[in-house]
1. Read through the list (1) of a type outside the set (Lys, Arg); (2) surrounded by fewer than 16 Cβ atoms within 10 Å (Cβ to Cβ); (3) modelled with pLDDT under 95; (4) closer than 29 Å to Leu319 by Cβ, then give the number of the only condition that Glu202 fails.
2. In this structure, is Asp135 in contact with a Cys (Cβ under 6 Å, 6 or more places away or on another chain), assigned to a helix (DSSP H, G or I) and either charged (D, E, K, R) or buried (at least 23 other Cβ atoms within 10 Å of the Cβ) (or both)?
3. Testing Ile119 on (1) open to solvent by less than 20 Å² (accessible area, probe 1.4 Å); (2) under 26 Å from Lys343 (Cα atoms), one condition comes back false. Which one is that?
4. In segment 255-302, what residues are open to solvent by 20 Å² or more (accessible area, probe 1.4 Å), touching a residue at least 60 places away in the same chain (Cβ under 8 Å) and under 23 Å from Leu17 (Cβ atoms)?
5. Within segment 60-116, which residues are among the acidic types (Asp, Glu) and either open to solvent by 60 Å² or more (accessible area, probe 1.4 Å) or free of Cβ contacts under 8 Å to residues at least 60 places away in the same chain (or both)?
6. Go through segment 138-187 and tell me which strands (runs of 3 or more DSSP E), entirely inside it, have 2 or more residues that are open to solvent by 20 Å² or more (accessible area, probe 1.4 Å) and in contact (Cβ under 8 Å) with a residue 12 or more places away in the chain.
7. Any residue at all in segment 26-40 that is part of a helix (DSSP H, G or I), out of contact with any Lys or Arg (no Cβ under 8 Å at 6 or more places or on another chain) and of a type outside the set (Asp, Glu)?
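The values are calculated or read from the model by the stated rules, or taken from the named source; none is laboratory data. If you're wondering where the values come from, they're calculated on a predicted model, not measured in any experiment. Counting neighbours? That spans all protein chains shown, and the Cβs are built from the backbone with ideal geometry, glycine included. Areas reflect the complete protein model, heavy atoms only, side chains present, ligands, DNA and RNA absent. Shrake-Rupley method; radii C 1.70, N 1.55, O 1.52, S 1.80 Å.
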Amino acid sequence: MKKANYKVIGVMSGTSLDGIDLVYINFDYKNSWSYKILEAETIPYPLNWQETLAEAIDFSKERLERLNKKYTSYLAEIISRFIEAHQIKDVDIICSHGHTIKHEPENNYTLQIGNLPEIAYLTGQTVICDFRVQDVELGGQGAPLVPIGDQLLFSDYKYCVNLGGFANISTEIGDKRVAYDICAVNTVLNFYSQKLGKEFDEGGKLAASGNLNKDLLQKLNALSFYEEKPPKSLGIEWVKSTVFPILEKYNENVPDILHTYTLHIAQQIAKTLDNQPDSKVLMTGGGTFNNFLLRLLKDESNCHFTIPSQEIIDYKEALIFGLLGVLKLRGQVNVLKSVTGAKKDHSSGVIYEI
């Protein structure tokens, strides 16, 4: 008989490189899933790790292997410190996403570092990780994986939109969950903010101070990815090969680029919604703190946007990766073919025991 209660640590590192999110969660199952976040913390990346992870996409195979070992040790150390700092005694499993270095589903390849077997030994805990590889092997995009958590934990909302390194959306169409990446968000906004010595565009103030470049907006909105049908997903490779070359052709001030790109994000998100006032949209991710982006989005769509507690904004992905691990432990489906395009629904992830 399966347990009804699980104490889990969820661990997430996103493409925006702002840090490692850790949550200690209590999951309960009584006809449906419920949760309570007991502890939560984000550990910012030191500058050397930010730079290394940003550059790693261009590393050789041998250098990536060395980085994987080093990052696994670093991640294990961060998790162990979290357990110690919060005096956590009861842990069924640690569920870790790792950090995405390369995501090329069209080449049947995805790499998340930090998912080596040593992580279980170094933390002294059972670890479930490497959630994306199996889906890619089954012909899926390997992303997004969060939508099953949206379905099981946040079913009150018609849409769940996350604004992280990329914007992604999750919703029900008929009896199927559908989800996909919409466009790049903080991977672009942070890059241009850093040109002005800012880690990110706080509140969207830099973008708000800029002016719209209609020609640039038109070129961005014409990108072919936006016309593709889901399932579809994005990686930093796409930003570097497709988005940055467009932006680099415009030798104007950074606030104008930020202003134009932020409107582009709002318009692309609005295109995915049904524009109905009674359609509830749950907004999460770091981009939710970008007041200018939220204002533009409300101008573009009549939907009802809900900003949840900061805990959910900051830690929803880590929370759901915790749930993915619980489902894997129970031998239940945690990845939906309707979302990723895989050959079948499946239970993904690798279990490492001490």
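1. (3)
2. Answer is no for this residue.
3. (2)
4. Gly286, Phe289, Asn291
5. Quick first cut of segment 60-116, residues among the acidic types (Asp, Glu) only: 62, 65, 77, 84, 90, 92, 104, 106.
Once the filter is applied, which keeps residues that are among the acidic types (Asp, Glu) and either open to solvent by 60 Å² or more (accessible area, probe 1.4 Å) or free of Cβ contacts under 8 Å to residues at least 60 places away in the same chain (or both), segment 60-116 yields Glu62, Glu65, Glu77, Glu84, Asp90, Glu106.
6. Per the criteria, 166-173, 176-184.
7. Keep residues of segment 26-40 that are part of a helix (DSSP H, G or I), which gives none.
The answer is no, given that none of the residues of segment 26-40 is part of a helix (DSSP H, G or I), out of contact with any Lys or Arg (no Cβ under 8 Å at 6 or more places or on another chain) and of a type outside the set (Asp, Glu).
Residues are listed down the side, and each one gets a yes or a no for (1) over 27 Å from Ala208 (Cβ atoms); (2) of a type in the set (Lys, Arg); (3) within 18 Å of the chain's Cα centre (by Cα):
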{"site": "Thr288", "(1), (2), (3)": "no, no, yes"}
{"site": "Ile307", "(1), (2), (3)": "no, no, yes"}
{"site": "Lys328", "(1), (2), (3)": "yes, yes, no"}
{"site": "Ala342", "(1), (2), (3)": "yes, no, no"}
